[in-house]
1. Are any residues in the stretch 325-348 within 12 Å of the ligand (Cβ to nearest atom), farther than 16 Å from residue 370 by Cβ and within 10 Å of the chain's Cα centre (by Cα), and if so, which ones?
2. Could you say which residue among 120, 155, 86, 96 is within 19 Å of the chain's Cα centre (by Cα) and farther than 27 Å from residue 276 by Cβ?
3. In the stretch 3-31, which residue that is more than 16 Å from the ligand (Cβ to nearest atom) and surrounded by fewer than 23 Cβ atoms within 10 Å (Cβ to Cβ) is nearest to residue 75 (Cα to Cα)?
4. Find the residue count for the stretch 209-221, including only residues that are part of a loop (DSSP other than H, G, I, E, B) and near the ligand (Cβ under 8 Å from one of its atoms).
5. Which residues, counting only those in the stretch 184-210, are farther than 17 Å from residue 20 by Cα, in contact (Cβ under 8 Å) with a residue 40 or more places away in the chain and surrounded by fewer than 16 Cβ atoms within 10 Å (Cβ to Cβ)?
6. Output the residue which, of all residues in the stretch 351-374 that are within 14 Å of the ligand (Cβ to nearest atom) and outside any strand (DSSP E or B), is farthest from the chain's Cα centre (by Cα).
7. Among the residues of the stretch 94-115 satisfying the criterion of being surrounded by 22 or more Cβ atoms within 10 Å (Cβ to Cβ) and farther than 17 Å from residue 8 by Cβ, which is farthest from the ligand (Cβ to nearest atom)?
8. With (1) within 25 Å of residue 283 (Cα to Cα); (2) out of contact with any helix residue (DSSP H, G or I) (no Cβ under 6 Å at 6 or more places or on another chain); (3) part of a loop (DSSP other than H, G, I, E, B) as the list, and residue 141 as the residue in question, which single condition is left unmet?
Ligand SMILES: CC(C)(COP(=O)(O)OP(=O)(O)OC[C@H]1O[C@@H](n2cnc3c(N)ncnc32)[C@H](O)[C@@H]1OP(=O)(O)O)[C@@H](O)C(=O)NCCC(=O)NCCS
């Protein structure tokens, strides 16, 4: 059976939505730009030999509509089919997983997994229109379904309360994310994964907008709750709203060998969980356990762990549920989405870039990427570094 390997990956810097560097970029143009630059890294690959472009996008409507995957293929001047998938925050972890599955099934050798989101451009429409919600699923309906439409900030408050995560613990984690991201920026760490993006005013964007150099525990403690009166989830211990795109080239090990391309990593296993929507933040626990079981590993075998930082309220108990101390250096060693930002559809592929970069930098072999997903899900993937 052919094994799926990652042969190239890269990402745009992450812009802050509405007030950041990428507000003028359409998401389809940005994704196509990143795809072209990532393909430039593997000149041995004939671009027409790509079997499919699978594009992960959280809310694939408006400028992210029209089957974004095929739009990105056309904009990149590829003679390649294209499809668009959403699993909200884990959309481009899902697209990478689909590429891996197709390769293991023997139904293709080369896939592009793309992730993109422009929260700024939601102003031109999205796929989630509040008036289209099913009334039977609304809270208070006699059908008594789980609250599938619950806002993410509310889930963070619920998880913080049930898992007894204090405001101070969350703020400390938020600060840790900022400090680590700033240190990684200063060390040039992200330059290895970032595709610099030209801006309308002639500047070139080569660093994430997000990381805050001047924050402190005192400043974080002074922030008002963002989602609930008397709550503890704030702008400082949540991920912000963002724009960005990333791309991953997944190939069969046999094709990589035939083309003389050195794989960066092997996709070892994945996991996928469902849980009550209001506890969605804890999704990484079961998803990671599944991936570990399928890999025949325990958490002790993992050198680096990337838990997507939707909210400190959920990363802290998710880490503990996996047997990792939230202050452990193996966890998000270069900061995470609280500091860097979280353009939903992009983040699965962005974390893959950061995880492989981290494994290369630290000399680690095996990495775990895991994410919580709105609606009550979790996803995970284990990667083994090969270069
Ligand atoms: C939390 C949220 C509502 C805050 O929105 P916002 O008020 O527009 O947030 P901002 O990031 O612009 O921060 C507002 C201000 O708070 C202050 N602030 C935020 N983070 C700070 C920090 N770490 N230190 C100090 N001050 C900070 C700043 O004054 C900031 O203004 P500035 O960026 O102009 O300096 C929004 O970011 C959000 O919805 N996040 C969650 C997104 C989500 O649900 N994702 C899906 C996860 S599953």
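We did not get these values from a lab; they are worked out from the coordinates using the rules stated. Because the structure is a prediction, the values reported are computed rather than measured. In this analysis, Cβ positions are derived from the backbone assuming ideal geometry, glycine residues included, and neighbour counts consider all displayed protein chains.
1. Within the stretch 325-348, 341, 343, 345 meet the criteria.
2. Details: 155 fails: farther than 27 Å from residue 276 by Cβ; 86 fails: farther than 27 Å from residue 276 by Cβ; 96 fails: farther than 27 Å from residue 276 by Cβ.
On inspection, the qualifying residue turns out to be 120.
3. Top of the filtered list is 29.
4. 4
5. Within the stretch 184-210, 192 is the sole residue that qualifies.
6. Filtering the stretch 351-374 for residues within 14 Å of the ligand (Cβ to nearest atom) gives 351, 370-374.
Adding the requirement that they be outside any strand (DSSP E or B) leaves 351, 374.
Values: 351: 5, 374: 13 Å.
Restricting to residues being within 14 Å of the ligand (Cβ to nearest atom) and outside any strand (DSSP E or B), the top hit is 374.
7. Our first condition is that a residue be surrounded by 22 or more Cβ atoms within 10 Å (Cβ to Cβ); within the stretch 94-115, this holds for 94-97, 99-100, 103, 110-115.
Those left that are additionally farther than 17 Å from residue 8 by Cβ: 94, 97.
Values: 94: 15, 97: 19 Å.
Only one residue fits best here, namely 97.
8. (1)
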